[in-house]
Amino acid sequence: MSARLESTPPLSPRLAAHEPQLDQLVSRFWEDAVEVDAAPAVPAAHLDAMAALGLYGALAPRAQGGMGLTPADLPAVTERLASGSLASAFVWVQHLRLLRGVLDPAAPAHLKAWLPQIAGGAIKGGIALVGLMPGPPRLTATPTPSGWRLDGEAPWVSGWGMIAVLLVTARGPGRTTVSLVMDAEPQAGLTVRPARLAAMNATATVHLAFDAVAVGRSRLLSSVPQEDRPEGEGLRNTGSLALGLVRRCCQLLGPTDLDAALADCRAQLDAASVDAMPKARAAASALAVQAAHAVAVAHGSRAALWGEPAERLQREAAILLVFGSRPGIKQALADHFTSHT
Ligand SMILES: Cc1cc2nc3c(=O)[nH]c(=O)nc-3n(C[C@H](O)[C@H](O)[C@H](O)COP(=O)(O)OP(=O)(O)OC[C@H]3O[C@@H](n4cnc5c(N)ncnc54)[C@H](O)[C@@H]3O)c2cc1C
């Protein structure tokens, strides 16, 4: 059993009743960590256990089979899950975007009808947010008589093989962003190229190439004017993946000043405005690297052996430096790692 940390984010009252099960799940994730590190995919049992706890419907109202959490409740859960298995938490986090999509009041009724299966985890989802990226379009959606045609690429899609559907954002006609819910399976025009990741390879992350992939009209979730969104938007919860790694390091180390650093970093993320979020995210990623290095130093030369916690945590922390990045995060991290004081 892991040591109880002083710096533990409180769970919302809606979740507190589930705390023992959540702690049990995190312990199980950690026990499986070496096996998951070497696996090509997160065990289905991990995802199903999260679903059984209700986490696939975290944000759905209770009346609709969900847990009724608010977005502000999520980071405390994400941090705990990520402290057990970064890969499993990572795959789950992607699903939440699909959940949010169908919960949107503007979502079409026939896609909203999927909510019970999505909230219960019978339909698990991933995301390809490539259509939100600024600059020239990488993926386009063109209307056809039967629906939409997708052309281009989605360079990073996690959860392939574990997810039933993929929420794809693409550039539509007339400066629009089109969101489609497509089946996450082999199909005409779709080329799937697995990425071999240095850590978290069990997230089953792939590159997708689209050559006239057809998506039916009924799978249109939204088509909205393309907007220049502030880069800090929607980044709070993924910051807790890094906090989760720090949390695990603190548990391995026992009491150190890193406990206070974790609490500070969390408070900074919680308080961050959209403009301040990239810096707060960068601070969390930098702290994850520092914490993983602290564990390596504490564990001594066994940290050099593959499969040792310190070795794996260092590889995972390195990926958290680049996942979900934005220019402001990248700049803050570049400044942090190249500064000379
Ligand atoms: C292991 C791993 C798994 C990933 N899994 C997924 C996944 O399942 N689904 C997914 O959509 N992405 C996924 N990503 C991509 C990730 O969310 C970021 O898009 C990526 O880390 C940014 O990479 P980059 O810094 O090289 O920017 P580039 O790819 O060079 O991006 C160019 C520009 O686009 C901006 N940008 C990038 N992503 C977004 C975005 N989502 N919204 C708005 N602007 C953006 C960047 O800030 C930058 O200005 C994954 C990345 C990694 C490393």
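Checking every residue in region 305-327 against the condition of being farther than 19 Å from Leu197 by Cβ, within 16 Å of the ligand (Cβ to nearest atom) and in a helix (DSSP H, G or I) gives at least one match.
Quick check on Glu185: is it closer than 30 Å to Trp148 by Cβ and either within 13 Å of the ligand (Cβ to nearest atom) or assigned to a helix (DSSP H, G or I) (or both)? Here the answer is no, as Glu185 does not meet what is asked. Here Pro40, Pro10 are screened, and the one residue that is over 18 Å from the mean Cα position of the chain (by Cα), in contact (Cβ under 8 Å) with a residue 24 or more places away in the chain, surrounded by fewer than 15 Cβ atoms within 10 Å (Cβ to Cβ) and on the phi < 0 side of the Ramachandran plot is Pro10. With the checklist (1) at pLDDT 95 or above; (2) touching a helix residue (DSSP H, G or I) at 6+ places or on another chain (Cβ under 8 Å); (3) not hydrophobic (A, V, I, L, M, F, W, C) in hand, flag the one item Pro9 doesn't pass. Here Pro9 meets the rest and fails (1). Pairs linking a residue in region 83-104 that is among the aromatic types (Phe, Trp, Tyr) to a residue that is within 12 Å of the ligand (Cβ to nearest atom) and part of a loop (DSSP other than H, G, I, E, B), with Cβ atoms under 7 Å and 6 or more positions apart or on different chains, are Phe90/Ser158; Phe90/Met200. Across region 189-228, the number of residues qualifying as polar (S, T, N, Q) and closer than 23 Å to Glu35 by Cα comes to 3.
Residue count for region 128-143, restricted to those that are farther than 16 Å from Val215 by Cα, surrounded by fewer than 17 Cβ atoms within 10 Å (Cβ to Cβ) and β-branched (Val, Ile, Thr): 0. Which of the residues spanning region 53-71 are of a type in the set (A, V, I, L, M), touching a residue at least 12 places away in the same chain (Cβ under 8 Å) and assigned to a helix (DSSP H, G or I)? Listed by number, the list holds a single entry, Leu55.
Listed here are the residues, each with its yes/no results for (1) of a type outside the set (Lys, Arg); (2) modelled with pLDDT of 95 or more; (3) under 23 Å from Pro43 (Cα atoms); (4) buried (at least 17 other Cβ atoms within 10 Å of the Cβ).
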{"residue": "Leu74", "(1), (2), (3), (4)": "yes, yes, yes, yes"}
{"residue": "Phe90", "(1), (2), (3), (4)": "yes, yes, yes, yes"}
{"residue": "Pro145", "(1), (2), (3), (4)": "yes, yes, no, no"}
{"residue": "Arg149", "(1), (2), (3), (4)": "no, yes, no, yes"}
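Reported count of residues in region 112-130, each being near the ligand (Cβ under 10 Å from one of its atoms) and β-branched (Val, Ile, Thr), is 2.
Examine region 25-40 for a residue that is assigned to a helix (DSSP H, G or I), within 16 Å of the ligand (Cβ to nearest atom) and closer than 19 Å to Phe323 by Cβ, and state whether such a residue exists. Yes; the residues of region 25-40 include at least one that is assigned to a helix (DSSP H, G or I), within 16 Å of the ligand (Cβ to nearest atom) and closer than 19 Å to Phe323 by Cβ.
What tally of residues in region 167-181 results from selecting those that are of a type in the set (A, V, I, L, M, F, W, C) and farther than 14 Å from Ala209 by Cα? Outline the logic, then answer.
Initially, region 167-181 is screened for residues of a type in the set (A, V, I, L, M, F, W, C), giving 167-168, 170, 178, 180-181.
This time we only want the ones that are farther than 14 Å from Ala209 by Cα, so: 167, 178, 180-181.
The number of residues fulfilling the criteria is 4.
Do we have any residue at all in region 285-305 that's touching a residue at least 60 places away in the same chain (Cβ under 8 Å), of a type outside the set (Gly, Ala, Ser) and closer than 27 Å to Glu233 by Cα? For region 285-305, residues touching a residue at least 60 places away in the same chain (Cβ under 8 Å), of a type outside the set (Gly, Ala, Ser) and closer than 27 Å to Glu233 by Cα: absent.
Conditions (1) buried (at least 23 other Cβ atoms within 10 Å of the Cβ); (2) polar (S, T, N, Q), marked per residue:
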site	(1), (2)
Arg100	no, no
Asp104	no, no
Pro108	no, no
Gln117	no, yes
Val157	yes, no
Trp160	no, no
Ala164	no, no
Val168	yes, no
Arg171	no, no
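Assigned to a helix (DSSP H, G or I), among the β-branched types (Val, Ile, Thr) and more than 27 Å from Trp306 (Cβ to Cβ), is that true of Val77? Taking the combined requirement at face value, the residue satisfies it.
Can Ala198 be described as closer than 25 Å to Ser285 by Cα and part of a loop (DSSP other than H, G, I, E, B)? So Ala198 fits the description; yes.
Are any residues in region 201-234 part of a loop (DSSP other than H, G, I, E, B), near the ligand (Cβ under 9 Å from one of its atoms) and surrounded by 16 or more Cβ atoms within 10 Å (Cβ to Cβ), and if so, which ones? Talk me through it step by step, then tell me what you get.
The first filter runs over region 201-234 and keeps only residues part of a loop (DSSP other than H, G, I, E, B), leaving 204-205, 226-234.
Checking which are near the ligand (Cβ under 9 Å from one of its atoms) leaves us with 205, 229, 231, 233-234.
Hits for region 201-234 are Thr205, Glu231, Gly234.
The values are calculated or read from the model by the stated rules, or taken from the named source; none is laboratory data. Computed from a predicted structure; not experimentally measured. Every residue, glycine among them, receives a Cβ derived from its backbone with ideal geometry; neighbour counts consider all protein chains shown.
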